[in-house]
């Protein structure tokens with residue numbers, strides 16, 4: 001029997017971030033955490049990740065309080081994955097000061113029977129070999145999606161291309177799309193991606209919004225226009241959470257549902273950047289999501 | 001009696017441009033030329049500019065063949081304004097190799113009686129003192145708009161601020177907006193601009209589209225998604241041509257008309273970048289404009 005949940009593999013991390021508006025040390029972060037905090041509004045989410053014994057109990061409690069399933073969150077001897085970075089006024093570009101993989105270096109997820117029966121799969125940014133190994137363990141997903149980053153494009157390109165053959169939806173940002181395809185023009189980049197496997201290609205452009213390509217159509221959505229962007233960390237994963245979450249509820253990848261999903265993703269990302277870590281999204285109410293969805297209509301209709 | 005025409009002051013220039021896709025020497029360019037070639041689809045356009053005796057007759061013929069009024073195009077002893085630049089694959093940023101003001105250095109436009117009665121005024125990117133002097137000569141415009149560039153922000157800021165007090169619509173690109181206001185966040189930049197005079201603020205973001213702020217509303221439009229961007233030179237002025245052109249036909253600055261105008265501006269800009277100089281826009285048909293306007297709906301609706 002299939003399980004109507006989203007399985008998300010990725011990182012759960014401790015982030016130290018400085019922005020022009022403040023700083024935060026060792027707050028809860030990681031692609032799976034940001035993703036799940038947003039996707040939970042739409043479907044049950046089960047995360048697959050690893051943390052060290054030093055992972056603060058308050059963060060584990062928070063994740064569980066959000067209704068996220070943590071059976072697949074392994075606690076292992078050693079230190080939790082850490083990322084340290086900062087942003088200048090150009091909040092579209094994170095500058096990394098330090099990345100410590102720690103317990104993630106030897107991460108080999110083995111899914112439980114419950115996890116294998118997940119209907120929807122999101123492979124957040126992580127080593128493509130791990131993404132593939134998780135994908136293979138899932139029995140009969142309705143659709144699968146993955147993200148990546150420049151590090152894997154540069155160091156594990158063959159593995160990433162093998163993965164792309166087997167996913168339905170590929171998400172990445174515009175510079176990653178260009179680096180991977182070797183093509184500057186994004187419409188041509190989309191053709192390149194379609195020739196590699198995926199049937200839906202979502203390019204995240206941060207403050208410039210999102211372009212979503214299907215084989216027959218293009219949809220462009222601006223980012224929400226905020227007076228205060230506090231910390232952009234996790235915006236891309238929050239987007240993916242709202243996007244995949246919305247699609248998991250729709251269950252079909254038709255054009256209308258995909259466009260709605262892009263807007264829900266943009267709504268969640270816009271809330272995420274209003275505070276450090278996933279604080280704002282953790283406190284978010286469903287009616288606030290619908291309110292901003294309506295505001296996106298006002299922002300874009302003509 | 002008021003004259004239902006758009007008066008456009010700006011440059012008419014000879015551009016030498018290199019892009020990753022080819023090069024063109026001494027082609028017709030300049031802010032007033034690009035603007036007028038687009039705005040002519042909506043209203044009569046009268047340009048005020050200066051060229052040198054070396055200005056090729058074929059370009060003068062072309063401008064006139066497009067139906068643009070050239071009584072205010074002064075031909076003066078000396079060389080025409082020249083710009084030489086190139087683009088790398090990141091077509092959003094022009095690199096200037098050389099700017100020769102030539103006859104523009106001593107340009108002091110004196111409007112004819114016909115020009116003074118223009119109902120709509122566009123002050124394209126040019127010295128703000130010249131923009132102001134033109135503005136003062138127009139008798140009773142329905143609305144006025146101006147553009148600028150970083151050079152004037154850095155060297156003639158006081159003059160630019162004086163000008164802003166007296167225009168209804170201010171257009172510039174995102175980096176200019178940030179430089180002028182000293183504010184990174186674009187929503188805050190808009191508040192800053194409104195406190196200086198204009199009631200409509202249009203931020204051009206090249207391949208990332210346009211954000212248009214009025215005091216009570218925000219509208220965001222993506223750029224058209226093209227497989228081939230050949231030469232971005234003049235895209236901003238083509239946008240302004242479609243935008244101001246559309247508003248001149250609407251005659252009112254209400255929210256719906258402003259949004260339509262942003263899309264017409266984006267349509268004209270998208271055609272302009274398909275070839276060197278204003279070749280594509282010069283050959284454009286009205287039904288092609290409406291066709292792409294409809295495509296913008298498909299690109300953005302959800």
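For the stretch B:90-105, the criterion of a residue being more than 20 Å from the chain's Cα centre (by Cα), without any contact (Cβ under 8 Å) to a residue 24 or more places away in the chain and within 14 Å of chain A (Cβ to nearest Cβ) is satisfied by at least one position. Scanning the stretch B:166-182 for residues that are under 16 Å from the mean Cα position of the chain (by Cα) and in a helix (DSSP H, G or I) returns B:174, B:176, B:177. Taken over the stretch B:284-302, residues that are within 14 Å of chain A (Cβ to nearest Cβ), more than 25 Å from residue B:200 (Cα to Cα) and touching a residue at least 24 places away in the same chain (Cβ under 8 Å) amount to 1. Per this entry, residue A:37 is not counted among residues that are in contact (Cβ under 8 Å) with a residue 60 or more places away in the chain and not in a helix (DSSP H, G or I).
Inside the stretch A:202-229, residues that are under 22 Å from residue B:203 (Cα atoms) and over 14 Å from the mean Cα position of the chain (by Cα) make up a count of 15. Residues that are surrounded by fewer than 21 Cβ atoms within 10 Å (Cβ to Cβ) and either more than 22 Å from residue A:162 (Cα to Cα) or at the interface with chain B (Cβ under 10 Å from one of its Cβ atoms) (or both) within the stretch A:181-209 comprise A:183, A:184, A:185, A:187, A:188, A:191, listed in sequence order. Filtering the stretch A:183-210 to residues that are closer than 27 Å to residue A:275 by Cβ and touching a strand residue (DSSP E or B) at 6+ places or on another chain (Cβ under 8 Å) leaves A:202, A:203, A:204, A:205, A:206, A:209, A:210. Taking the stretch A:220-241 as the range and being more than 7 Å from chain B (Cβ to nearest Cβ), touching a strand residue (DSSP E or B) at 6+ places or on another chain (Cβ under 7 Å) and not in a loop (DSSP other than H, G, I, E, B) as the test, the residues that pass are A:221, A:236, A:239, A:240.
Being closer than 27 Å to residue A:204 by Cα, touching a helix residue (DSSP H, G or I) at 6+ places or on another chain (Cβ under 9 Å), surrounded by 14 or more Cβ atoms within 10 Å (Cβ to Cβ) and within 14 Å of another protein chain (Cβ to nearest Cβ) is a condition met by no residue of the stretch A:112-131. Checked against (1) part of a helix (DSSP H, G or I); (2) within 21 Å of residue A:212 (Cα to Cα), residue A:253 passes all but a single condition, namely (1). Those residues that are surrounded by fewer than 23 Cβ atoms within 10 Å (Cβ to Cβ) and either part of a loop (DSSP other than H, G, I, E, B) or more than 9 Å from every other protein chain (Cβ to nearest Cβ) (or both), I need them from the stretch B:210-219; list them, please. Scanning the stretch B:210-219 gives B:214, B:215, B:216, B:217.
Screening the stretch B:43-62 for residues that are more than 16 Å from residue B:278 (Cβ to Cβ) and in contact (Cβ under 8 Å) with a residue 24 or more places away in the chain and picking the one that is surrounded by the most Cβ atoms within 10 Å (Cβ to Cβ) gives B:48.
One residue alone among B:281, B:262 is part of a helix (DSSP H, G or I), surrounded by 24 or more Cβ atoms within 10 Å (Cβ to Cβ), within 12 Å of chain A (Cβ to nearest Cβ) and in contact with a helix residue (DSSP H, G or I) (Cβ under 9 Å, 6 or more places away or on another chain), and that residue is B:262.
As a summary of the residue check, residue A:188 satisfies the conditions (1) in contact (Cβ under 8 Å) with a residue 12 or more places away in the chain; (2) assigned to a helix (DSSP H, G or I) except for the one numbered (1).
Inclusion of residue A:75 among residues that are without any contact (Cβ under 8 Å) to a residue 40 or more places away in the chain and surrounded by fewer than 18 Cβ atoms within 10 Å (Cβ to Cβ) is warranted. Among the residues of the stretch B:284-302, those that are in a helix (DSSP H, G or I) and in contact with a strand residue (DSSP E or B) (Cβ under 9 Å, 6 or more places away or on another chain) comprise B:296, B:298, B:299, B:300.
Only the coordinates and a few stated rules stand behind these numbers; no lab work does. In this text, all values refer to a predicted model and were calculated from it rather than measured experimentally. Don't worry about glycine lacking a Cβ; one is built from the backbone with ideal geometry, like all the others, and counts go over all protein chains shown.
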